[in-house]
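Let me begin by presenting the structure, written as structure tokens, before commenting on it.
Every number in this text was worked out from the coordinates using simple rules, so none of it is lab data. A quick note: this is a predicted structure, and the numbers were derived from the prediction, not measured. For neighbour counting, all protein chains shown are included, and Cβ atoms are generated from backbone atoms with ideal geometry for every residue, glycine included.
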Amino acid sequence: MRVTTALGKGFASLFATMKAVRPQRPIHPDGVWLTGTLTRTGPPVSSGISWIDGTGQDPIQARLSRSVGLPRWSPDILGLALRVPHGSDHFDVLLASTGASFPARFVLLPQRNVQAAKFTSMMPYKGGKSAVLLAAFPLDPSGRMPATPAGLRVGLAKRPLELALCFSRPLGDWTRFGTLVLTLEELEPVLVARGGDPTGLRFDPVRRPLPGSETYAWTRALREPSYAEARVAPGHALPGSDSR
């Protein structure tokens, strides 16, 4: 825990430094807003997390973005953020472009083509049986959809992005439990014209994990400091932090 706590504080300091340069979005600065449908058909084997093991269909909000903000001609680590309604509330899922097999599923991989990307949670959820990872794999991996805002808008105007939703133990095989279909948010041009994020929507999987799951203490220690920094309005400092 001491190691993850120290790393978490280090990431938060780095995040704060980046925030001074990019006040609105220190990371994931370039992206597009999406809407879609998340359909759960239930896996053939139990994951130990009630939401994964159940069935249902939900309308969702999402954002697909370039994490680092590298020049658009270059590959970048891609992020896929989902907000899923649950009862009167919601929960958030964050996925990033990685490999699929072990150990590549824990390694961030830059991509130029969204259809060729493999998105995983990297950080495990605490299920009733064991640690569980989430993933979303494009159903047309041979297709082409440039991983730039302009490329995504053109590609999504032609057809939706369809992904298989899967879960796995940290060292296990992936098991499909549903499908995610994403299209361009109708108000996306308005969002872009107003600066891209007029609602101030932020995704936080630590505070809002999958229903039926918990977060491990070490993952909270690693991630929560950065998310806390993200929740602070630009120009302000966290209580007890050095604001210089």
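Failed condition for Thr120, given (1) more than 15 Å from the chain's Cα centre (by Cα); (2) of a type in the set (Val, Ile, Thr); (3) under 23 Å from Ser67 (Cβ atoms), with all others met?
Looking at each condition in turn, Thr120 falls short on (1).
Within the group Ala81, Ala96, which residue is in contact (Cβ under 8 Å) with a residue 40 or more places away in the chain and buried (at least 19 other Cβ atoms within 10 Å of the Cβ)?
Going through Ala81, Ala96 in turn, just one is in contact (Cβ under 8 Å) with a residue 40 or more places away in the chain and buried (at least 19 other Cβ atoms within 10 Å of the Cβ): Ala81.
Is it the case that Arg72 is more than 14 Å from the chain's Cα centre (by Cα), surrounded by fewer than 16 Cβ atoms within 10 Å (Cβ to Cβ) and of a type in the set (Lys, Arg)?
Against the criterion (more than 14 Å from the chain's Cα centre (by Cα), surrounded by fewer than 16 Cβ atoms within 10 Å (Cβ to Cβ) and of a type in the set (Lys, Arg)), Arg72 qualifies.
Looking only at strands (runs of 3 or more DSSP E) that fall completely inside the range 49-125, which ones have 1 or more residues that are closer than 16 Å to Leu182 by Cβ, touching a Lys or Arg at 6+ places or on another chain (Cβ under 9 Å) and of a type in the set (Gly, Ala, Ser)?
Working: elements: 56-66, 76-86, 89-98, 118-120.
Answer list for the range 49-125: 56-66, 76-86, 89-98.
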